[in-house]
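First the structure, in the form of structure tokens, and then the observations on it.
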Amino acid sequence: MYIEQAYKGEISFWKYLPIPLVFFGLMVVNYYVVTTFNIDVAALMKAQVEEKGKNMFFLENLIPFALFLGGLFFWVKYVHRQSILSFTTSRKKIDWRKFFFIFSIMAIFVAGSTLIDYVVASEKYVLNFDLVPFTILAIIAILLVPLQTSFEEYFFRGYLMQGIGVAVRNRWIPLIITSVLFGLMHGANPEVDKIGPIIMVYYIGTGFFLGIITLMDEGLELALGFHAANNLVGALLVTASWTAFQTDSILLDVSQPTAGFSILLPVFIIYPIIILILAKKYKWSGWKEKLSGKIYTEDELLQ
């Protein structure tokens with residue numbers, strides 16, 4: 001039982017407050033500044049890219065997440081006195097086969113769907129490949145994007161899921177809270193301004209998808225692999241002037257962003273298909289109990 005792994009550390013209420021307060025405090029300040037001063041995020045990003053170059057801008061945006069991940073691990077290990085293993089999974093060891101299985105599926109899907117879209121709607125894209133900048137991008141992305149995505153998974157599906165779960169003693173409340181907060185975290189992204197509020201359906205829906213596979217599989221391995229593949233392959237293959245990731249990718253999307261069906265496709269079609277594939281492969285059962293059941297206390301678990 002993944003949420004109950006929190007009992008393997010010290011779960012004092014005050015210990016769960018500083019990390020979320022700092023992280024969400026930074027998000028709130030960022031959102032407040034952007035909205036209060038009516039900052040054009042896309043224009044600001046464009047100016048930063050022109051001044052520093054895409055690779056440096058990309059690097060500077062990823063480094064904080066690496067530091068956040070290191071800080072979170074330190075806090076869990078030395079303040080909560082919980083092992084990183086129990087923070088990651090309910091298994092006796094991290095199952096890297098699960099990580100790489102879903103990583104492969106997602107990498108193939110992102111690459112394949114991008115290729116199909118490029119063939120069908122080539123007018124949307126400009127070939128942007130330049131060997132030297134792309135090689136630098138690949139090194140930065142391979143080293144740092146998994147740290148960025150891992151922080152988000154360990155923070156939302158790990159730290160908050162476990163902390164909220166043992167506090168409220170059920171599974172559905174942490175699933176809902178972490179999924180909504182994950183979506184709201186992206187509220188200041190330039191995509192929201194360009195596409196509109198409907199994209200929050202995608203962000204929050206992705207949070208629910210990642211939360212469901214974490215609870216059903218009793219560990220973070222699948223969520224970590226999915227998120228890493230989605231962001232890493234996406235950063236290498238295609239970028240646009242209005243997205244959060246500005247990279248020297250192979251393709252540049254020059255089309256105008258629209259709030260079309262493609263925004264909802266992953267949430268209502270792709271994610272359910274992936275869940276069905278995973279459920280069949282890993283023989284998931286007890287859906288009601290794992291997604292909405294009771295979290296037992298330490299004493300109850302020992303009985």
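The values are calculated or read from the model by the stated rules, or taken from the named source; none is laboratory data. Keep in mind that this is a model prediction, so the values were computed, not measured. So basically every Cβ, Gly included, is an ideal-geometry build from the backbone, and we count neighbours across all protein chains shown. These area figures cover heavy atoms from the full protein model, side chains too; ligands, DNA and RNA do not enter into them. Shrake-Rupley method; radii C 1.70, N 1.55, O 1.52, S 1.80 Å.
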Quick one: would you say PHE182 is in a helix (DSSP H, G or I), free of Cβ contacts under 8 Å to residues at least 40 places away in the same chain and open to solvent by less than 30 Å² (accessible area, probe 1.4 Å)?
yes
Collect the residues in segment 249-282 that are among the hydroxyl-bearing types (Ser, Thr, Tyr) and outside any helix (DSSP H, G or I), keeping them in residue-number order.
SER249, SER255, THR258
Kindly provide the set of residues from segment 267-303 that are in contact with a Phe, Trp or Tyr (Cβ under 9 Å, 6 or more places away or on another chain), β-branched (Val, Ile, Thr) and within 28 Å of VAL168 (Cα to Cα), ordered by number.
VAL267, ILE275, THR297
Could you pull out the residue among ASN55, ASN61, ASN30 that is closer than 30 Å to ALA141 by Cα, part of a helix (DSSP H, G or I) and touching an Asp or Glu at 6+ places or on another chain (Cβ under 8 Å)?
ASN55
Quick check: anything in segment 38-50 within 15 Å of ALA138 (Cα to Cα), surrounded by fewer than 16 Cβ atoms within 10 Å (Cβ to Cβ) and out of contact with any Asp or Glu (no Cβ under 9 Å at 6 or more places or on another chain)?
no
Looking at the structure I just gave you, is ILE63 closer than 23 Å to LEU215 by Cβ, in contact (Cβ under 8 Å) with a residue 40 or more places away in the chain and either surrounded by fewer than 19 Cβ atoms within 10 Å (Cβ to Cβ) or basic (Lys, Arg) (or both)?
no
Leading residue by the ranking (least open to solvent (accessible area, probe 1.4 Å)) among those in segment 126-176 that are on the phi < 0 side of the Ramachandran plot and in a loop (DSSP other than H, G, I, E, B)
ARG171
Matching entry among LEU237, LEU301, LEU276 (being surrounded by 13 or more Cβ atoms within 10 Å (Cβ to Cβ) and either among the hydrophobic types (A, V, I, L, M, F, W, C) or farther than 19 Å from PHE100 by Cβ (or both)):
LEU237
Of the conditions (1) farther than 19 Å from ALA228 by Cα; (2) assigned to a helix (DSSP H, G or I); (3) free of Cβ contacts under 8 Å to residues at least 60 places away in the same chain, VAL76 clears all except one; give me its number.
(3)
Within segment 12-22, tally of residues that are surrounded by 11 or more Cβ atoms within 10 Å (Cβ to Cβ), of a type outside the set (Ser, Thr, Tyr) and either at pLDDT below 90 or touching a Leu at 6+ places or on another chain (Cβ under 9 Å) (or both)
2
Give me the pairs, please: first residue somewhere in segment 79-100 and within 10 Å of LEU224 (Cβ to Cβ), second residue anywhere and open to solvent by less than 20 Å² (accessible area, probe 1.4 Å) and among the hydrophobic types (A, V, I, L, M, F, W, C), beta-carbon distance under 6 Å, and either six or more positions apart or on two chains.
THR88/LEU220; LYS98/LEU222; PHE99/LEU224
